[in-house]
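S.K.: I have a structure I would like to understand better, so I am pasting it below and will then ask my questions one at a time.
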Amino acid sequence: MATSMRGLTQFIADIRGARVRELEEKRINKEMANIRKRFKDGNLDGYQKKKYVAKVIFTYILGYKVDIGHMEAVNLISSMKYSEKQIGYLAVTLLMHENSDFLRLVVNSIRKDLNENNEIYNCLALHAIANVGGQEMAEALAEDVHRLLISPTSENFVRKKAALTLLRLYRKHPEVIPAAEWASRIVSLMDDIDLGVVICVTSLVMALAQDHLEAYAVCYQKAVDRLNRLVIEHEYTATYAYYKVPSPWLQVKLLRLLQYYPPTEDPTLRNILFEVLQAIMNNCAEPTRNVQHNNAQHAVLFEAIGLAIHLDPNSPLVSTATVLLARFISSRETNVRYLGLDTMAYLAARADHLEAVKRHQGTIILSLRDKDISVRRRALDLLYSMCDVDNSDVIVGELLRYLKVADYGLREEMVLKIAILTEKYAGTYKWYVDTILELISAAGDHVGDEVWYRVVQIVTNTEDLQAYAARVVFEYLKSPSSHESLVKVGGYILGEYGHLIANDSGYSPIEQFQVLHSKSQFCMAPTRALLLSTYIKWVNVFPEIKEQLVNVFERYRHVLDVDLQQRACEFYALATRPAEDEVLQNVCEEIPPFPARESALQTRLSRKLTDAGDRRTWVHGGSVTLDRQATRRTTKPALGDIHGNGSAATSGIDGSNGANDITQSLMGLDLSSSPTALQAKTSFSELQSAPAQFLAEKGIPRLTTNHNVERWFEKLTYSSEGVLYEDVQIQVGIKSRFHGHIGQVAVYIGNKISAPLTSFTALLHTEEPDALSVSFAKIAPSIIAPRMQTQQLVNVECKKVFTKAPILSLSFLAGAHQSIAVRLPIVVTKFLEHVKLGQAEFFERWKLIGGPPRESQAIFPITLADSGFINTERQRQVVSGSCLNILDGIDPNPSNIVAAGILHMAEDGNVGCLMRLEPNKDAKLCRITVRSTSENVAAELQRLIQKPLSTDAVS
Amino acid sequence: MIHAVLIFNTSGVPRLTKFYTPLQQSSQTLVQKIYSLVSSRQASLCNFLDAPELESFLGQTDDNGEKLRVVYRNYATLYFVFVVDSAESELGILDLIQVFVESLDRAFENVCELDLVYHFDEAHHILSEVIQGGLVLETNVEEIDRAVQEAAKARKESFASANPLSLGGGGVGSRGGTLQTPLHWITDRLTGVRAR
């Protein structure tokens, strides 16, 4: 205890006793001098060092600058006594910052404490890294911190700290952390039983996932599952309920994490998510009297509404939310009003139609007059977001009116926003000019240069507007006091277009000149320079006032300002040239239209808004600003890219390969192995040899490969149930049922060991999401008990022809973190259905389809049965297992097999397929011919049926 | 993230300051600035405050300046102020302040302003169990209390061995009798007069 150090207590008491600041300072200076001397003398024992460092810290906390004690703090850290160590660490975290040179000295002590077998030492070290960790620490210690995080022997409180420490290091030096490689291991911690660990890990995942969306894709499922458990199943320890709300922080974090990802496509997750969101909204229906309870519930609710809007701005859930929000923005509680407006602004920025929000326009406009500036700011944001063509008149009018009484801090932003809205939603040019000029005259000092540049740009580019603009600006200039920005606009517009109105009464050249020139004396040099330019233009078009103008130039030739003087001299020379000279006319040619360019206003505004660190998931007036980082990402990882490196091989399988084979005559029997098999292998191995990090980054599991896996998979392509994977720890079995283009695959996952598999995760990846959709019927449980089996149903729908079987990836913790990824035996033949054809019909169709490209043919070697004959039984088994109907009595040769089937696809409809298999016993070769109305189908079918039959078959 | 945690009293004297991002300017000016912002707000206004003024203090000098918000809560004579960026939920932070206060209350048994003065190191330790490097570490009061007790125990043990004259020293929460000036602000909180 600090008070156990009597010297320190005395010191504190003295300072408290000091009645005036001077006395306090005197006391501190005296103490610091003493400490400096003691430190210099050296020979202090641990207790004394601790005491003095504590005094230094106290002085620092009071706000004084201290420059001593750093070295002693470094020494205290390596002390063996906890009390000394603790003060040492406190001093390091308070007195030093990440670039401090002293930190170099503590890296080793910190590492020692990290590796210590004592948790509270670990904690001190972690805490120090998390507070002051710089480049050097990140490089030296990231590995150790990660080890503490994932080690199964770490205590919960150590893991929590390690997670956040890692997060800090990542934020500061992302390049030090191999985020993608650690992804699955870190995400698996989100399943931890301890909610405290889950909160910290979720924070970490949230930061990492933002930069590595695909690698961390698993966390989406985890987050949904956790929300489901918290909100629906009320599965949490009582201590984590905060005023009866289950860990609001965790809920908020999870809800926000989900907003970083594009809305999920998976129907199961979507349903659960909607259920959760609905439940959260229902919970808030009846407000209670407890303030803390309400606070917590609202915190969750606002995030939930944010997520609901993110998922689908038009869902019924959002309508419910809108009703709630409407209630909030007129709530008596200021906090609730504030957040209600904030969230509604989000809704307005994302929603396709704004009717629901517009209904409350009146209330929102009233909020501009709220007594609290924070609320007023939010109301401004919301009005900005909800403005569109219909209500721009009202909103801009209201903003203009409010601008005149608004807080000074708010005005500049308001001006920008009004200018943007006016330009964006202008119904008529007239309205635009009126509004902008009113804005400029009302806001004066708060008008940035961008605003009036833009006006000039638009007026110059819009011919119809020029005369009108000139007239209006003239009227504004006539008022006794006009702001300088207005004078600038006036000078520019009248100079260019003043002649258009010069013939109307009241706008004669001399009047224009007098009005403008009367403002000149109140203006700064740059504005005066602009006015001089205006005058020279007038010399060109208004010869009748040339005399006055030349007079002005004459006078300005003697001013001190260099720019003004030079202009005046040059203009004077130009103006006094003989009348027949054409130089002046050429110089004062009318200005050409500006090239169309993006408004500088928005760039300015969005620059003000972009965030570092955690990205906001939306921006005000979202449709205005393009900077929607999180939502803009494409829905699915571009899996095609991966196969870019194996594309030659893949295309070979699809089409060219069949053609290749056909060019080989049947007699060219020296083909040792079919090119198909070979090519298929290369593509497979290339996929596997792609750099691990690359795969991890894309969130693609690395396929588990060995002889057995391939054999199991191949067998399942022509049978409906069997083992898909097995090792010492788990067994995966498959049972499948297909009907038409729909299928259901039951995956049985059995735990073979005597300990539970925790943090169990199952995921499906499709490389051709347009052609094949696969999804789990429910989220896999996170724990599989010892020697138990769990069943997961996979719903499958075939939309188009596909060539890549989906990947099932499983990961779990059993001592260490394990992951397995295998292809599910879902291939295109599974969607075939029998068709019965007679001999005549068969041949008629066979001929109708004709040769290539709708025929795919290949010759491949086969192994004979033990008896030396063709293994017809096996061939028939494979063919009929592939769901083709074997038609007997069509081919005269009994060893040949002829079969037919219809492929069902949801989008591409039904495709008929005919197949003929001609084995040759003597040559040990077999010819397969597949004809189908779709060429892709023919090639794929031929490949699938041939594979298990050829000698390359793994079984 | 959380950029700063400040506790100062109603006359603007800082009682605890902790910055998670390096400061550009002196911490005293920052505290004064925030104090003037916060203390001028009436009780009925909301607990959040946009603070573009503070950005120059907290090192966001690059042009993608963060939108900082001040979330504060007033307990009797003390203001608890958290400066956060837009990644944090405002109400979440408000709840966190409550958790921090409850943790202080646990450790000090009816915490008062003087506790924070004399036990500044302890207050920092408790804070470090709630927030680490600007991120929320733990929100469960039980858990925070347990960690604090654990550290106190370790300290006490090592202290006893360090100072043979001491007879065990004081545990967490023991105050000298002369210093006892409870402000009863925690009871104020419980009745919910001011706290929101």
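S.K.: Which residue is farthest from the chain's Cα centre (by Cα), if the candidates are limited to segment A:133-170 and must be within 11 Å of another protein chain (Cβ to nearest Cβ) and not in a helix (DSSP H, G or I)?
M.R.: My answer is A:GLU155.
S.K.: Of the numbered conditions (1) crowded, with 19+ Cβ neighbours inside 10 Å; (2) closer than 20 Å to A:LEU560 by Cβ, A:LYS537 fails exactly one; give the number of that condition.
M.R.: (2)
S.K.: Oh, and also: Looking at segment A:35-43, can you tell me whether even one residue there is modelled with pLDDT of 85 or more and among the polar types (S, T, N, Q)?
M.R.: The answer is no; no qualifying residue exists.
S.K.: Can you pull out the residues in segment A:6-59 that are surrounded by fewer than 13 Cβ atoms within 10 Å (Cβ to Cβ), aliphatic (A, V, I, L, M) and assigned to a loop (DSSP other than H, G, I, E, B)?
M.R.: Passing the criteria: only A:VAL20.
S.K.: Another question about this same structure. Taking A:ALA805, is it hydrophobic (A, V, I, L, M, F, W, C), buried (at least 16 other Cβ atoms within 10 Å of the Cβ) and either farther than 20 Å from A:LYS222 by Cβ or out of contact with any strand residue (DSSP E or B) (no Cβ under 8 Å at 6 or more places or on another chain) (or both)?
M.R.: yes
S.K.: Another question, if that's okay. Filtering segment A:96-120 down to residues that are among the β-branched types (Val, Ile, Thr) and either more than 36 Å from the chain's Cα centre (by Cα) or not in a helix (DSSP H, G or I) (or both), which residue is farthest from A:GLY134 (Cα to Cα)?
M.R.: Taking the candidates together, the pick is A:ILE120.
S.K.: Additional query: Determine if segment A:851-873 includes at least one residue that is part of a helix (DSSP H, G or I), over 30 Å from A:SER773 (Cα atoms) and either out of contact with any helix residue (DSSP H, G or I) (no Cβ under 8 Å at 6 or more places or on another chain) or not aromatic (Phe, Trp, Tyr) (or both).
M.R.: Yes, segment A:851-873 has at least one match.
S.K.: On to the next question. Is it the case that A:ASP388 is within 24 Å of the chain's Cα centre (by Cα), away from chain B (no Cβ under 11 Å) and not in a helix (DSSP H, G or I)?
M.R.: No: the conditions fail for A:ASP388.
S.K.: So, one more: Taking segment A:231-250 as the search range and keeping residues that are part of a loop (DSSP other than H, G, I, E, B) and under 10 Å from A:HIS293 (Cβ atoms), which one is nearest to the other protein chains (Cβ to nearest Cβ)?
M.R.: A:TYR243
S.K.: While we're on this one: Report every pair of residues separated by at least 6 positions or lying on different chains whose Cβ atoms are under 7 Å apart, first residue within segment A:894-922 and over 17 Å from A:ILE849 (Cβ atoms), second small (Gly, Ala, Ser) and surrounded by fewer than 18 Cβ atoms within 10 Å (Cβ to Cβ).
M.R.: Pairs that qualify, where the first residue is over 17 Å from A:ILE849 (Cβ atoms) and the partner is small (Gly, Ala, Ser) and surrounded by fewer than 18 Cβ atoms within 10 Å (Cβ to Cβ), are A:HIS904/A:GLY740; A:PRO919/A:SER895.
S.K.: Here's a follow-up. Take A:LEU925 and tell me if it is among the hydrophobic types (A, V, I, L, M, F, W, C) and more than 23 Å from A:LEU716 (Cα to Cα).
M.R.: Judged against the criteria, A:LEU925 is a match.
S.K.: Assess whether A:ALA180 counts as being touching a residue at least 24 places away in the same chain (Cβ under 8 Å) and small (Gly, Ala, Ser).
M.R.: yes
S.K.: Are any residues in segment A:408-449 of a type in the set (Lys, Arg), buried (at least 18 other Cβ atoms within 10 Å of the Cβ) and free of Cβ contacts under 8 Å to residues at least 60 places away in the same chain, and if so, which ones?
M.R.: Hit for segment A:408-449 is A:ARG411, nothing else.
S.K.: Can you tell me which residue within segment B:18-37, out of those that are more than 10 Å from chain A (Cβ to nearest Cβ) and crowded, with 20+ Cβ neighbours inside 10 Å, is nearest to A:GLU98 (Cα to Cα)?
M.R.: Step by step, filter segment B:18-37, then rank; the result is B:ILE34.
S.K.: Here's a follow-up. Taking the conditions exactly as written (modelled with pLDDT of 85 or more, buried (at least 22 other Cβ atoms within 10 Å of the Cβ) and within 7 Å of chain A (Cβ to nearest Cβ)), does B:SER128 satisfy them or not?
M.R.: For B:SER128, the condition - modelled with pLDDT of 85 or more, buried (at least 22 other Cβ atoms within 10 Å of the Cβ) and within 7 Å of chain A (Cβ to nearest Cβ) - is met.
The values are calculated or read from the model by the stated rules, or taken from the named source; none is laboratory data. Note that this is a predicted model, so its numbers are computed, not measured. Cβ: placed from backbone, ideal geometry, glycine included. Neighbour counts: every protein chain shown.
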